[in-house]
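J.: Encoded as structure tokens, here's the structure I'll be asking about.
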Amino acid sequence: MHGDYRSGNFLYDAEGSIRAILDWEMAHIGDPLEDLGWALDPLWSHHNPERPAGLVSREHAIAFWEQASGLKADPRALFWWEIFASLKGAAIWISAAREYGDGRNTDPVNLFSGWYCLAFHNKVLADRLAGVGA
């Protein structure tokens with residue numbers, strides 16, 4: 001698993017072909033749905049969860065992933081990985097805010113992450129979990 005596969009972590013050429021994948025620090029062995037769940041996260045979709053990365057419909061994104069991977073995206077398993085993605089994001093944003101607050105890393109991106117991204121993922125988690133068992 002790449003661990004951070006999303007819009008913004010790849011380079012592409014003038015024809016739109018991906019030429020390089022960036023940010024491999026979270027790469028690990030795991031369930032391929034983890035990367036799909038992270039890529040579908042609403043934070044990367046500019047507040048439109050029906051258009052991952054602001055590009056294509058959610059259904060098309062999942063269909064593209066299935067075609068490219070040769071795997072089937074089980075909806076229940078994908079839902080779990082989407083919750084995991086938001087929780088993973090929250091942990092990253094808490095860590096970033098702590099780094100900033102403690103003065104270990106004064107990059108304002110860490111401050112923004114702890115303020116905006118954490119609140120965003122908290123809301124996503126609350127909304128998703130509110131629907132569980134309903």
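J.: If a residue counts only when it is under 25 Å from G30 (Cβ atoms) and either free of Cβ contacts under 8 Å to residues at least 40 places away in the same chain or of a type in the set (A, V, I, L, M, F, W, C) (or both), which helices (runs of 4 or more DSSP H) contained entirely in segment 41-134 have at least 2 such residues?
T.: 58-69, 75-101, 118-130
J.: Name every residue in segment 57-71 that is within 22 Å of M1 (Cα to Cα) and surrounded by 11 or more Cβ atoms within 10 Å (Cβ to Cβ), in order of residue number.
T.: Those that are within 22 Å of M1 (Cα to Cα) and surrounded by 11 or more Cβ atoms within 10 Å (Cβ to Cβ): R58, H60, A61, I62, A63, F64, W65, E66, S69, L71.
J.: Name, by its number, the condition in (1) surrounded by 15 or more Cβ atoms within 10 Å (Cβ to Cβ); (2) closer than 21 Å to H46 by Cα that does not hold for A97.
T.: (2)
J.: Follow-up question, since we're still on this one. Of the conditions (1) surrounded by 15 or more Cβ atoms within 10 Å (Cβ to Cβ); (2) more than 15 Å from L43 (Cα to Cα), T106 fails just one. Which one is it?
T.: Against the list (1) surrounded by 15 or more Cβ atoms within 10 Å (Cβ to Cβ); (2) more than 15 Å from L43 (Cα to Cα), T106 comes up short only on (1).
J.: Another one. Take the residues in segment 1-43 that are surrounded by 11 or more Cβ atoms within 10 Å (Cβ to Cβ) and small (G, A, S), then tell me which one is nearest to D127 (Cα to Cα).
T.: Per the criteria, the residue is G37.
J.: Tally the residues that are of a type in the set (S, T, N, Q) and surrounded by 13 or more Cβ atoms within 10 Å (Cβ to Cβ), restricting the search to segment 44-56.
T.: 1
J.: If you don't mind, another one. So which pairs qualify, if the first residue must be in segment 1-23 and over 16 Å from W44 (Cα atoms), the second must be part of a strand (DSSP E or B) and β-branched (V, I, T), the Cβ gap must be under 6 Å, and the two must be at least 6 apart or on different chains?
T.: Y12/I18
J.: Also, I was wondering about something else. Can you name the residue in segment 26-40 that is aliphatic (A, V, I, L, M) and either under 13 Å from W80 (Cβ atoms) or assigned to a helix (DSSP H, G or I) (or both) and, of all such residues, is farthest from the chain's Cα centre (by Cα)?
T.: Once the filter is applied, the top-ranked residue is L33.
J.: From the list D41, D23, pick out the single residue that is at pLDDT below 95 and touching a Pro at 6+ places or on another chain (Cβ under 9 Å).
T.: Answer to the selection: D41.
The values are calculated or read from the model by the stated rules, or taken from the named source; none is laboratory data. Keep in mind it's a predicted model, so treat the numbers as computed, not measured. Don't worry about glycine lacking a Cβ; one is built from the backbone with ideal geometry, like all the others, and counts go over all protein chains shown.
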